[in-house]
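Notes follow the structure.
The values are calculated or read from the model by the stated rules, or taken from the named source; none is laboratory data. None of the values given here were measured: they were computed from a predicted structure. Don't worry about glycine lacking a Cβ; one is built from the backbone with ideal geometry, like all the others, and counts go over all protein chains shown.
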Amino acid sequence: MIRKAYPFSRYPTISQTFSLRAVRELGAAAVEVHTAFLRGMDRNPRWTNFPGAAMVKSAIKLRHRQWILRSIAAVVALAPFLARHGTNSNTLLAHVLVQICLSPLLATALAAGALIYLFESSWNRREMIAVLALTLLLAMLYWQTGVGRAEWVCAPLIAGMALVGMACLSAAMFLLQGRRLLAAAALPVGIILAGRFLNWLPVQHPRTLDPLLYAFDQSLGGQASFLAGRLFGRFEILRNVSFLTYILLPVAPAVAHLIEKRFGEQRILARFLTLGLVGSLAYLLFPAAGPAVAYSRDYPLTPPAVADLSMVPMLVAHGARNAMPSLHLSWTLLLFWNSRRWAFWMRAIFAALVGLTVIATLGLGEHYVADLVVAVPFTLAVHAAFEGCLFESATSALIAALWLLLLKSGTLIDVPNQSLNWILLAATVGGCFLMEWRLPAPKRNSKERRC
């Protein structure tokens, strides 16, 4: 039964707005515009008298789009034979393959795309041959680039899955599987765009607000990130497990997407990418690089004293400004909250993923405790908005904005008793989890859900 506790329920939810029906309607509108453009060319005497008008018109007709896509896939497949030897290859595809070794998140995103393409629907012989052949060709190019073996944990396995992911994307283009191509390419394209954005941020924000976050963590009794970093130095297995948890995050939404297929829903990828987009915009409001970058000389052995630090923005020459809020924790929380009606053991796995992400973000020096706290109401704001619960979404967004304001002004640093910050922290996290628990439980095979 549809609940109507709020007057906002008559409006469509975000998941309905970005439905496949809306995408199809946009595509139909594009076809109409394209057809009108071709008719305008026929009626225009300048075009009809132009010698090459027929050639231009035939080249842009929609029925030739399949050959354009197949030509692109053929170029991808033949690139190993056209690429130059050595790491100075100028081909775009060779550059992408080199980045697989340098960017673990891109490699795991391509591996996630392979999972979606291979397990979302049944296979046929043509798809198997195309993926296998393209994987072998891409492996040849990977060998020709001469980048060697990556230095991070499980790099050969993940890099191999990344090659399979690139082969799956190429096969989807060659076989004109638009829907599967869109699902498989969502995460890799999102990672690439996010990387471009993070490379642009240091140019716009050369100074960061890391001293304020560092001082807040100290007001809680110590530097949790420095302590976790020292534990990582002592226990290699803890460091490796946490690192794999951190870089394998793109695989989690791919698995969740496949689980959702059992319930006839496909919403987690749209929510995952939307959360990343909104979080990237939040980096503009509170630029911070993380303790491992801002205090690289001291991390993790000797945390500097707060009295020796200046609370003005500090100059950080390198490193992404992606500390506040922690999107890694936000994404894992989003996956956990969306697994409410799944089996208990599935929820337990995603709950463990949340815990391991907290340890990884601190131990790798990527985030402060404040980043993790703000990530909770921030995630709830986006999650509740997708569920149509606008009151909870607005409340959570207000809480996150209030935290950013208090941190940026330094109000939380000068509190007379550190227990006050602990009370504020516990109230924020506990209140957000309580609000999420009180959200309406999703109905199986429901077309819409409102609060």
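Quick one: would you say A426 is under 14 Å from L334 (Cα atoms) and assigned to a helix (DSSP H, G or I)?
Numbers: under 14 Å from L334 (Cα atoms): no; assigned to a helix (DSSP H, G or I): yes.
No; evaluated as a whole, the condition is false for this residue.
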Selection count where residues are in a loop (DSSP other than H, G, I, E, B) and under 15 Å from I116 (Cβ atoms), scope the range 262-291: 4
One residue from A307, A294, A288 being under 27 Å from A252 (Cβ atoms) and not aromatic (F, W, Y): A288
Any helices (runs of 4 or more DSSP H) falling wholly within the range 330-420 and containing at least 2 residues that are in contact with a Ser or Thr (Cβ under 9 Å, 6 or more places away or on another chain), among the hydroxyl-bearing types (S, T, Y) and buried (at least 23 other Cβ atoms within 10 Å of the Cβ): 344-363
Pair list, Cβ < 8 Å and 6+ apart or interchain, from the range 400-417 residues that are more than 17 Å from D210 (Cβ to Cβ) to residues that are assigned to a helix (DSSP H, G or I) and of a type outside the set (S, T, Y): A400/V374; A400/P377; A400/F378; A400/A381; V415/N421
Any hit, the range 337-349, residues being in contact with a His (Cβ under 9 Å, 6 or more places away or on another chain), within 18 Å of W437 (Cα to Cα) and not charged (D, E, K, R): yes
Residue within the range 277-290 that is within 15 Å of W200 (Cα to Cα), of a type in the set (V, I, T) and touching a helix residue (DSSP H, G or I) at 6+ places or on another chain (Cβ under 8 Å) present: no
Subset of the range 293-333 [without any contact (Cβ under 8 Å) to a residue 40 or more places away in the chain and aliphatic (A, V, I, L, M)]: A305, A307
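Taking the range 140-165 as the search range and keeping residues that are of a type in the set (G, A, S) and part of a loop (DSSP other than H, G, I, E, B), which one is modelled with the highest pLDDT?
Initial filter on the range 140-165 (of a type in the set (G, A, S)): 146, 148, 150, 155, 159-160, 162, 165.
Subset that is part of a loop (DSSP other than H, G, I, E, B): 146, 148, 150.
Values: G146: 55, G148: 52, A150: 61.
Across the range 140-165, the extreme among qualifying residues is A150.
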Restricting the range 396-451 to residues that are at negative phi, polar (S, T, N, Q) and out of contact with any His (no Cβ under 9 Å at 6 or more places or on another chain), the residue that is modelled with the lowest pLDDT: S446
Residue ID - nearest to E387 (Cα to Cα), chosen from residues in the range 261-306 that are hydrophobic (A, V, I, L, M, F, W, C) and in contact with a Lys or Arg (Cβ under 8 Å, 6 or more places away or on another chain): F263
Members of the range 149-203 found to be surrounded by fewer than 20 Cβ atoms within 10 Å (Cβ to Cβ), of a type in the set (S, T, N, Q) and in contact (Cβ under 8 Å) with a residue 24 or more places away in the chain, listed by number: N199
